[in-house]
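Working notes for the structure below.
The values are calculated or read from the model by the stated rules, or taken from the named source; none is laboratory data. A quick note: this is a predicted structure, and the numbers were derived from the prediction, not measured. Here the Cβ is made from the backbone with ideal geometry for all residues, glycine too, and neighbour counts use every protein chain on show. Note: areas computed on protein heavy atoms with side chains; ligands, DNA, RNA excluded. Shrake-Rupley method; radii C 1.70, N 1.55, O 1.52, S 1.80 Å.
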Amino acid sequence: MDDHAVVREGLRTVLGQRLDLCVVGEAGDAATAVELYRRLRPDVVLVDLRLPDVSGIELIVRVRTFAPEARFCVLSAFDARTDIEGAIAAGARGYVVKAAPAEEIVDAVRRLHTGLRAIESRLLSRSRPNGAEFVLTAREMQILRRVAAGTKNHQIAEALGISLSTVKFHLQRLMEKLGASDRTEAAAIALREGIIRD
């Protein structure tokens, strides 16, 4: 899924040339992608990080709330640490830059289909030191998005069906991970770094 039709056409052509692969759907925005995923349940989803309605990271989190088994491979023009970490935190099992050879994209799809991960070691090396794959969990991402929207802690607890103390625990953890002193700074860092979009 990509908001540029020419990219989607190129991917459809590249993947369609392989006898073992079949493109079952495509979307130019997250809302359409969620609807298509519910209907088609594809084995692997290629997703861009920069979408017109929400970020690719938010799309991954959204789909995995109702389909935790979903296999996502990010296909992005960007390979910044925050992009890679955000994708992994959301649940992506693959990350390929758009400048990669077509065969690398095909290989990533095949690897994800068999349950393997498809993230180049050079990209993983840009994530947090000591082997930590990423800062924020999917739950922390959900809370962070709501914090950025100005939602109060008790409202977050109600919306997510968790206790207020659990919200505070996750909020404290995500602030530590982002190096933020309070929830407002955490939201500002996340927006600035592209972890979430306003």
Being outside any loop (DSSP other than H, G, I, E, B) and of a type outside the set (Ser, Thr, Tyr) is the filter; apply it to the stretch 87-97 and report the residue that is surrounded by the fewest Cβ atoms within 10 Å (Cβ to Cβ).
VAL97
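One line per residue, one yes/no per condition, for (1) open to solvent by 60 Å² or more (accessible area, probe 1.4 Å); (2) in contact with a Phe, Trp or Tyr (Cβ under 9 Å, 6 or more places away or on another chain); (3) farther than 20 Å from GLU140 by Cα:
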position	(1), (2), (3)
ARG50	yes, yes, yes
VAL61	no, no, no
ARG64	yes, yes, no
ARG81	yes, no, no
GLU85	no, yes, no
ALA99	yes, no, yes
GLU103	yes, no, yes
When you scan the stretch 116-170 for helices (runs of 4 or more DSSP H) that lie fully inside it, which ones turn up with 3 or more residues that are open to solvent by less than 40 Å² (accessible area, probe 1.4 Å) and modelled with pLDDT of 90 or more?
138-148, 153-160
Scan the stretch 10-48 for residues that are open to solvent by 40 Å² or more (accessible area, probe 1.4 Å), farther than 26 Å from THR65 by Cβ, in a helix (DSSP H, G or I) and at pLDDT 80 or above and report the count.
2
Across the stretch 66-78, what is the number of residues that are open to solvent by less than 30 Å² (accessible area, probe 1.4 Å) and more than 22 Å from GLY10 (Cβ to Cβ)?
2
